[in-house]
Amino acid sequence: MTRTPEITNVARRSVLLGLAAGSFVLAIRLPARAQEKKFGGEGMPGGVKDDPKLFLSIADDGTVNLLCIRAEMGQGIRTGFQTVIADELGADLNRVKVLQAPGNQAKFGNQDTDGSRSMRHHFLPLRRIAAATRQMLAEEAAAKWGVPVTEVKADNHGMVHGPSNRRLEFGALAKGAAARPVPPADKLVLKPVSEFRYIGKDVPLIDNLDFTTGKAVYGIDARVEGMAYAVVARPPVLGGKVKSFDAAKTMKVPGVLKVITIDPPTPPIVFQPLGGVAVIAENTFAAIKGRSQLEIQWDDGPNASYDSVQYRKTLEEAAAKPGQVVRNNGDVDKALAGAAKRLSAEYYVPHLAQAPMEPPSATARVTADACEVWVGIQNAEAIRTDLSKRFNMPIDKVTVNNLLLGGGFGRKSKPDFASEAAICSHAMGGRPVKLTFTREDDLQHSFFHTVSAERVEAGVDANGKAVAWLHRTVAPTIAALFVPGADHEMPLELAMGAVDNPFDIANFRVENPAAAAHTRVGWFRSVSNIPHAFAIQSFAAELAASLGKDPKDFLLELIGPPRLIDAAAMSDGWLYGEDPKVYPYDTGRLRAVIEKAASEAGWGRQMPKGRGLGISAHRSFVSYTAVVTEVAVSDKGEITIPRVDIAFDCGAVISPDRVRSQLEGAVVQGISLAMLGEISFKNGRPQQTNFDGYELTRIDGAPTEIRAHLVNSAAYDKPLGGVGEPGVPPVAPALTNAIFAATGKRIRSLPIRDQLAGKV
């Protein structure tokens, strides 16, 4: 069932962040669903409501203002919103201003910037509100001229009467247009694609000047008059708490104002602070210095023995035994027993940290009857919900000012740091407090990407055709944040490449043995697609090699002929929150990106000694990605990457430059994770404390050339797919498959680091 959007004239009944200062204000929303299946954000854990509300105004001087309800963290969503509105409205791009909406789900709808869904959920609503505005302006112009509205068209921020060439600017029409009835949804006429001026073209980032001149204000840049500064000493082990502490030395540090305790979280953990001891001072340096002087005795709690080396063995032992069956087609055991050849392999991906360049930081002011927060956050409503409950305050008294994010990658969806800032302000009697994570805080107290062991086994017949596939995926689940003791991956995690594997194999089983979480596990860019894609695409290449087949040709053989698959039917209904009727798994599109990446990379060409090409492909966030990586491995095992070709199909592309940038960034991040990324634990504690231990790829380790190829980029007849995350999952297996092609050595455990040192 499709909901009909409602467009409302709100100029006379509300003032929204200054938008109603103009003569014309429209809002669009989708009415609530009744008893139908929930898709989009409504289907997400926690049930956030997918109800996009967009507000657009035209001031008397013609300036078009738009509220952006998603966080800007480098992905260019504000530019994307500006582009769509300007094009559909017929406005001058430079006269469309984008303002950041404050956090308020009741007023603005779901603002959670996760899941690569900002543009795919808002492209049509943006076009509809702009089309309604355009039609109302056209009607006003036609009335002023006494001509049929069919003779009036929008042209570069004004309305033009074709036969007489008369023109009126938007500002001159706004007041009269605001008094006109809003067109019903079934009367809206969207622009034909042929008339697009900005959509599908490269346009400059709306924030670029501020970015490059240092004027951009990020969460960590917030300044509130009279504010103090804070850092927190948190339990080094999840579930730990303060046994005792002595702050005498801390209070002697010049600038230190106060030391307070923060209570440990009560189950379920969700996004609560970890507890500990906060030091509040007149500046951050004094707070950090004061924290270093604290004498704290910790009770490490039940996870004190968490050890990555031992836990890996636990995961691998679980992967070697039958587990909970989450997909089962045919008779895998019989097919394996009768196979002409069988092959199995185990793969490992460690914990990872998001490590955004801007560490978590928030400024809060809490008084007896109100709370205000200044922060760069992906999920503003989570802050409002927590603080409303924490201080027994009506949620409409909690204001969240969302600033720019210097990277997020999922870490800034969890507002524990904002809650800590508010707790400190409350303890200071309402004085504003800025709380900052140091890099050490960030890496040791994150919501880590899960650790994973994957075991894959396949059987082939005498003709080399795969007849059986068994995949066991074992990983602590994000669900443990919300349900204490949860130890099986959720449907949404399993449907990130495991149960929705499109391979055309009659006998197919996926199992999910239990795995307990011993640290906070949260979402990370592309989430469980990372371990699933690594295992599946690595094993597909291994199977091809064992059969003497070309990896690309065999991958296409495994996928089978072009067809549409109901992926949700294989995954307990989960499809990134989308309607499976709208987003079937189109294997033809997956095949197409494989062919494109291979063709552009010159697949099959002769490679000199020590060089190789590797290929992989994956569908995630309802988009299709294929990667071909070229590597060069020296006699000493040193790896360089001359080139990466990434082919991508998300359907229509709104801002090509932004999509290419996302893909290029995904390649670099994917290589960084594959080569270097690891958070390991000993005695319950993360062993990596800064970028000397948790290394990121630097310029000399990045590919010399990244070529992004956009497929179906003008397919406006198809629903949009996600962009921010789908580029990451195929990168690691393409890299390790290329290493095999260059050296004959398999990499099944990440990170690669020096696994080839001295062995080539």
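The values are calculated or read from the model by the stated rules, or taken from the named source; none is laboratory data. Keep in mind it's a predicted model, so treat the numbers as computed, not measured. Note that we place each Cβ from the backbone using ideal geometry, even for glycine, and neighbour counts take in every protein chain shown.
A compact table of results
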quantity: Considering residues of the stretch 597-626 that are free of Cβ contacts under 8 Å to residues at least 60 places away in the same chain and within 20 Å of Leu543 (Cα to Cα) only, the residue surrounded by the fewest Cβ atoms within 10 Å (Cβ to Cβ); calculated: Gly604
quantity: Residue ranges of helices (runs of 4 or more DSSP H) in the stretch 470-560 with at least 2 members in the same structural domain as Arg312 (by TED's automatic domain parsing) and over 23 Å from Thr625 (Cα atoms); calculated: 529-547
quantity: Residue match in the stretch 661-670 (condition: over 30 Å from Gly80 (Cα atoms), at pLDDT 95 or above, touching a helix residue (DSSP H, G or I) at 6+ places or on another chain (Cβ under 8 Å) and crowded, with 20+ Cβ neighbours inside 10 Å); calculated: no
quantity: Qualifying residue in the stretch 183-192 (condition: in the same structural domain as Ala281 (by TED's automatic domain parsing), in contact with a helix residue (DSSP H, G or I) (Cβ under 7 Å, 6 or more places away or on another chain) and modelled with pLDDT of 95 or more); calculated: no
quantity: Residue identified as crowded, with 24+ Cβ neighbours inside 10 Å and either within 28 Å of Gly330 (Cα to Cα) or not acidic (Asp, Glu) (or both) among Gly497, Gly485; calculated: Gly497
quantity: Where Arg365 falls short, out of the listed (1) surrounded by fewer than 22 Cβ atoms within 10 Å (Cβ to Cβ); (2) of a type in the set (D, E, K, R); (3) touching a helix residue (DSSP H, G or I) at 6+ places or on another chain (Cβ under 8 Å); calculated: (1)
quantity: Given (1) at pLDDT 95 or above; (2) surrounded by fewer than 20 Cβ atoms within 10 Å (Cβ to Cβ); (3) farther than 15 Å from Val203 by Cα, index of the condition Ala71 fails; calculated: (2)
quantity: Gly22 being at pLDDT below 85, buried (at least 21 other Cβ atoms within 10 Å of the Cβ) and not charged (D, E, K, R); calculated: yes
quantity: One residue from Ala320, Ala339, Ala281 being in contact with a strand residue (DSSP E or B) (Cβ under 9 Å, 6 or more places away or on another chain), under 16 Å from Trp469 (Cα atoms) and surrounded by 17 or more Cβ atoms within 10 Å (Cβ to Cβ); calculated: Ala339
quantity: Residue that is surrounded by the most Cβ atoms within 10 Å (Cβ to Cβ) [pool: residues in the stretch 627-651 that are more than 30 Å from Arg197 (Cα to Cα) and among the acidic types (Asp, Glu)]; calculated: Glu630
quantity: Filter result for Val456 (farther than 21 Å from Leu481 by Cβ and not small (Gly, Ala, Ser)); calculated: yes
quantity: Any hit, the stretch 697-704, residues being in a loop (DSSP other than H, G, I, E, B) and touching a Pro at 6+ places or on another chain (Cβ under 9 Å); calculated: yes
quantity: Residue in the stretch 107-115 that is over 25 Å from Glu358 (Cα atoms) and either of a type in the set (A, V, I, L, M, F, W, C) or crowded, with 23+ Cβ neighbours inside 10 Å (or both) present; calculated: yes
quantity: Ile530 being of a type outside the set (S, T, N, Q) and more than 26 Å from Phe409 (Cα to Cα); calculated: no
quantity: Arg327, sole failed condition from (1) in contact with a strand residue (DSSP E or B) (Cβ under 6 Å, 6 or more places away or on another chain); (2) within 23 Å of Ser546 (Cβ to Cβ); calculated: (2)
quantity: Checking Asn94 against (1) out of contact with any helix residue (DSSP H, G or I) (no Cβ under 8 Å at 6 or more places or on another chain); (2) part of a loop (DSSP other than H, G, I, E, B); (3) at pLDDT 95 or above, the condition it does not meet; calculated: (2)
quantity: Condition met for Ile654 (surrounded by 17 or more Cβ atoms within 10 Å (Cβ to Cβ) and outside the structural domain of Ile594 (by TED's automatic domain parsing)); calculated: no
quantity: Close pairs (6 angstrom Cβ cut-off, 6 or more residues apart or separate chains): assigned by TED's automatic domain parsing to the domain that holds Asp572 in the stretch 312-333, part of a helix (DSSP H, G or I) and surrounded by 14 or more Cβ atoms within 10 Å (Cβ to Cβ) anywhere; calculated: Val326/Leu494; Arg327/Met570
quantity: Search result, residues across the stretch 674-696 that are in a strand (DSSP E or B) and surrounded by 15 or more Cβ atoms within 10 Å (Cβ to Cβ); calculated: Ile679, Phe681, Arg685, Pro686
quantity: Test: residue in the stretch 395-405 that is in a loop (DSSP other than H, G, I, E, B), under 29 Å from the mean Cα position of the chain (by Cα), more than 30 Å from Asn507 (Cα to Cα) and in the same structural domain as Val232 (by TED's automatic domain parsing); calculated: yes
quantity: Subset of the stretch 701-760 that is at pLDDT below 95 and of a type in the set (Lys, Arg) - its residue that is nearest to Glu316 (Cα to Cα); calculated: Lys759
quantity: Residue within the stretch 702-721 that is within 21 Å of Met73 (Cβ to Cβ), among the charged types (D, E, K, R) and in contact with a Gly (Cβ under 6 Å, 6 or more places away or on another chain) present; calculated: no
quantity: Scope the stretch 271-328; condition among the hydroxyl-bearing types (Ser, Thr, Tyr) and over 30 Å from Ala248 (Cβ atoms); matching residues; calculated: Ser305, Tyr306, Ser308, Tyr311, Thr314
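Table: residues versus (1) surrounded by 19 or more Cβ atoms within 10 Å (Cβ to Cβ); (2) out of contact with any strand residue (DSSP E or B) (no Cβ under 7 Å at 6 or more places or on another chain); (3) modelled with pLDDT under 95.
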| position | (1), (2), (3) |
| --- | --- |
| Tyr198 | yes, yes, no |
| Asp207 | no, yes, yes |
| Ala233 | yes, no, no |
| Val237 | yes, no, no |
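Listed here are the residues, each with its yes/no results for (1) part of a helix (DSSP H, G or I); (2) closer than 14 Å to Glu638 by Cα; (3) touching a His at 6+ places or on another chain (Cβ under 9 Å).
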residue	(1), (2), (3)
Ala715	no, no, no
Gly722	no, no, no
Pro726	no, no, yes
Thr736	yes, yes, no
Ala741	yes, no, no
Arg746	no, no, no
Ile752	no, yes, no
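Residues checked against (1) assigned by TED's automatic domain parsing to the domain that holds Pro513; (2) polar (S, T, N, Q); (3) part of a loop (DSSP other than H, G, I, E, B):
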| residue | (1), (2), (3) |
| --- | --- |
| Asn392 | no, yes, yes |
| Phe409 | no, no, yes |
| Phe417 | no, no, no |
| Gly429 | no, no, yes |
| Asp442 | no, no, no |
| Ala462 | yes, no, yes |
